[in-house]
Amino acid sequence: MSDASLHLILGEEELLVDRAVAKIVSDVRTRSETPGDLPVSRLRAGDAGVPELAELLSPSLFAEERIVILESTADAGKDAAALILDVAGDPPPGVTLVILHSGGGRTKAMVPALRKRGAEEHMCAAPAKAGEKAAWVRTFVHKEFQAAGVRVSGDVEQLVIEAVGSDLRELAAACSQLVADTGGKIDAAAVRRYYSGKAEVSGFDVAEKAVAGDTAGALEALRWAMHRGVAHVLLADALADAVHTIARVGSAGRGDPFSLASSLGMPPWKVKKAQAQARTWAPASIGTALTVVAALNADVKGAAADPDYALEHAVRVISELVA
């Protein structure tokens, strides 16, 4: 567990950035005397002026513990960048300063300067060279299975990449799903069963259209996905995830996505997207949709005689609930 007060998150791979931020926040809360009351402030440095930054970074009267996360610092202005570096050299008492930087941009000199100030670095960038990226993605998949306590062969890792692609979020979801639905007994046959070729339509495409109220589009996407061999359980899980996300974000209110992200355990982009979707859903309709996806989960795992029909019925019902 890290006790650093200055962190540099370098790179733009969103999943890795989100995980790095979440780990830092978790570490600070673990060692805090008042973890439940620990404030987390996020600000896009590229959009902020010096007065706004100065207020956020100024010492508090009683040196209360807090976390300040500065995003898009690669786009910060000259004066804003100078202020950030000045504060980074000696963060105010109680403050954990987390700086997100792409590594380039007009303030690329900030990166070596932060290193000199002793920042704990979290690398969240993909290799620039195509040949190196392939090995990097393979390593990511290996670590995802390893973190889940599962050992798989190199052939299985490669099959997952060929089926899903190189997007880290999709790869992480695929590894998690395979582990959950096979009990950790993953071989090449299991991967091929879930992904018979790279499906052009995924469960996420079907779910997105369904929760948007596009009944015709959702059903067309569903039929194409099933034709391409996407497993029933993956389609059902994607639909359930979309509904549960809307339910959780909708009940949290209309707060700032960056502020809600930590408490909801979701990346800010997902919160923002779900907030927009939730505006077309009535509370009663969300309750009905939750019941539908719960029943569908059992249906695709053997309760229904015809899982194809169960999926089509669920997609139709959910899409027609949208206001």
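The values are calculated or read from the model by the stated rules, or taken from the named source; none is laboratory data. Small disclaimer: the values here were computed from a predicted structure and weren't measured. Cβ sites come from the backbone with ideal geometry, for glycine too, and all protein chains shown count toward neighbours. Accessible surface areas use protein heavy atoms only, side chains included; no ligands, DNA or RNA. Shrake-Rupley method; radii C 1.70, N 1.55, O 1.52, S 1.80 Å.
From the list VAL271, VAL249, VAL243, VAL293, the lone residue that is touching a residue at least 60 places away in the same chain (Cβ under 8 Å), within 25 Å of the chain's Cα centre (by Cα) and assigned to a helix (DSSP H, G or I) is VAL243.
Residue pairs whose Cβ atoms lie under 7 Å apart, separated by 6 or more positions or on different chains, with the first residue in segment 175-189 and at positive phi and the second surrounded by 15 or more Cβ atoms within 10 Å (Cβ to Cβ), are GLY184/VAL150. Taking the listed residues ALA125, ALA130, the one that is open to solvent by 30 Å² or more (accessible area, probe 1.4 Å) and modelled with pLDDT under 90 is ALA130, with no other qualifying.
Scanning segment 1-17 for residues that are assigned to a helix (DSSP H, G or I) and more than 12 Å from VAL98 (Cβ to Cβ) turns up GLU14, LEU15, LEU16.
Considering only residues in segment 296-315 that are buried (at least 17 other Cβ atoms within 10 Å of the Cβ) and modelled with pLDDT of 90 or more, the one that is nearest to LEU235 (Cα to Cα) turns out to be LEU311. Out of the residues in segment 1-21 that are open to solvent by 60 Å² or more (accessible area, probe 1.4 Å) and closer than 30 Å to GLU170 by Cα, which is modelled with the highest pLDDT? By that ranking, first place goes to ARG19.
For every residue, the table says whether it meets (1) surrounded by fewer than 19 Cβ atoms within 10 Å (Cβ to Cβ); (2) more than 26 Å from THR139 (Cβ to Cβ); (3) at pLDDT below 80.
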| residue | (1), (2), (3) |
| --- | --- |
| ILE186 | no, no, no |
| ALA207 | no, yes, no |
| ALA212 | yes, yes, no |
| GLU220 | yes, yes, no |
| ASP256 | yes, yes, yes |
| SER259 | yes, yes, yes |
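Residue count for segment 73-112 under the criterion of being in a helix (DSSP H, G or I) and out of contact with any helix residue (DSSP H, G or I) (no Cβ under 7 Å at 6 or more places or on another chain): the result is 8.
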